[in-house]
1. When only DSSP loop residues count, what trypsin sites (Lys or Arg not before Pro) in segment 165-199 have their Cβ near at most 10 other Cβ atoms within 10 Å?
2. Among rounded, prolate and oblate, which fits segment 179-274 when a ≥ b ≥ c are the square roots of the eigenvalues of its C-alpha gyration tensor, a/c under 1.5 means rounded, and a/b larger than b/c means prolate?
3. Round to a whole number: what % of the accessible area of segment 163-289 belongs to carbon and sulfur, probe 1.4 Å?
4. What list of ³J(HN,Hα) couplings, whole Hz, do you get for segment 171-176 from phi and the Karplus terms 6.51, -1.76, 1.60, once you set θ to phi - 60° and write x for glycine and proline?
5. Calculate one ³J(HN,Hα) per residue across segment 95-101 by plugging θ = phi - 60° into the Karplus curve 6.51 cos²θ - 1.76 cosθ + 1.60, and present them in order as whole Hz with x for glycine and proline.
6. What whole number of Å gives the distance from the Cα centroid of segment 207-226 to the Cα centroid of segment 255-309?
7. Below 14 Å, Cα to Cα, which aspartates and glutamates can K231 reach? Residues fewer than 8 away in the same chain don't count.
8. Provide the packing ranking of 138-144, 282-288, i.e. peptides ordered by the mean count of other C-beta atoms within 10 Å per residue, highest first.
Amino acid sequence: MPRFKVPAIPSSEITSESAFVSRRRFVGAAMALPLAGAAARALAGDTWTGPDGEALTPEAIVTGYNNFYEFGLDKTDPAEYAHEMTVDPWRVEVSGECARPGDYAYEDVIKGLTVEDRVYRFRCVEAWSMVVPWQGISLADVLARFEPTGDARFVEFTTLHRPAEMRGQRSVFSSIDWPYVEGLRLDEAMHPLTIMAVGVYGRDLPNQNGAPWRLVVPWKYGFKSIKSVVKIRFTRRQPRNTWNLTAPDEYGFFANVNPQVDHPRWSQATERRLPSTLFSPNRRDTLMFNGYGEQVASLYAGMDLRRHF
Ligand SMILES: Nc1nc2c(c(=O)[nH]1)N[C@H]1C(S)=C(S)[C@@H](COP(=O)(O)O)O[C@H]1N2
Ligand SMILES: [Mo]
């Protein structure tokens, strides 16, 4: 397969990995720890640390309990049906306010960019959360390649639309107007915490998690993290986003994790950290900006986050 492969784990024979994996390991948001070389980069799950030492969510849950409505409404549908999506070849169409629009091969878009380990808290608006070890590329690095103009204030992303391979796009039960779209303000998109994930748990991203690449914005609710992206468009005006179009009273454009602003159907004050069971719910307080406030609060200075939910 020509597309970028995240080295499988465990592997003792990775010699070229420093070409792909930065010698930085992010523990949560801010701390960058030096790696003691490729040999020491044991990718076993128990060597990753979540923010504040939180335990990682087991890989089987990260790749088995998903939202990807293109494959169905149940959390287990993506793992069951996403293999029906062809992810190679993959193309990315870039348009709008930039100097280098075009229809690119995915390999060319990511070529030469650094893949880093990013262990992030991930919180769904449905009030469950995980701690996930992604392998990702800084979105700022990707976007810079296309040279956004001074008129670019937002960036819009679009998911693959291919009903023949995505049974949820054929379903009469779906209330979503396909394709799935999402957007960020350009400063949010360029923030160093924002990544395009290409791997998880040291492997290529499984289809159910948004292969070959998907957005991850750790201070926003999960639905902002659009999967299987085929279009990037730089815009002057705020783009549409699927969940806002589907239920505008429930989902806004910004979707910053905020324990003080409840969703009409769910409190956002607490969350169930997976694994969570009836007898061991693993419930914890939700943190402002999902715990990344120190890094991102300034992006929203002066904004009323009750109105801009
Ligand atoms: N294209 C697309 N992207 C999507 C979704 C979707 O249905 N379609 N669901 C979103 C929601 S609601 C969540 S919580 C996350 C889930 O990501 P995960 O399955 O990797 O945990 O993906 C987001 N990205
Ligand atoms: Mo979600």
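The values are calculated or read from the model by the stated rules, or taken from the named source; none is laboratory data. In this text, all values refer to a predicted model and were calculated from it rather than measured experimentally. Neighbour counts are summed over all protein chains in view; Cβ atoms, including those assigned to glycine, are modelled from backbone coordinates with ideal geometry. Ligands, DNA and RNA are excluded from the accessible area calculation, which covers all protein heavy atoms including side chains. Shrake-Rupley method; radii C 1.70, N 1.55, O 1.52, S 1.80 Å.
1. Working: sites: R167, R170, R185; in loops: none.
Loop-located and lightly packed - none at all.
2. oblate
3. Working: 2750 of 5200 Å².
Reported share for carbon and sulfur atoms: 53 percent.
4. 3J(HN,Hα) across segment 171-176, in whole Hz: 6, 7, 7, 7, 9, 8.
5. Once θ is set to phi - 60°, the couplings for segment 95-101 become 8, x, 6, 7, 7, 10, x Hz.
6. Each part reduced to its Cα centre gives a spacing of 17 Å.
7. Partners within reach: E93, E97, D103, E156, E182.
8. Going by the mean number of other Cβ atoms within 10 Å, highest first, we get 138-144, 282-288.
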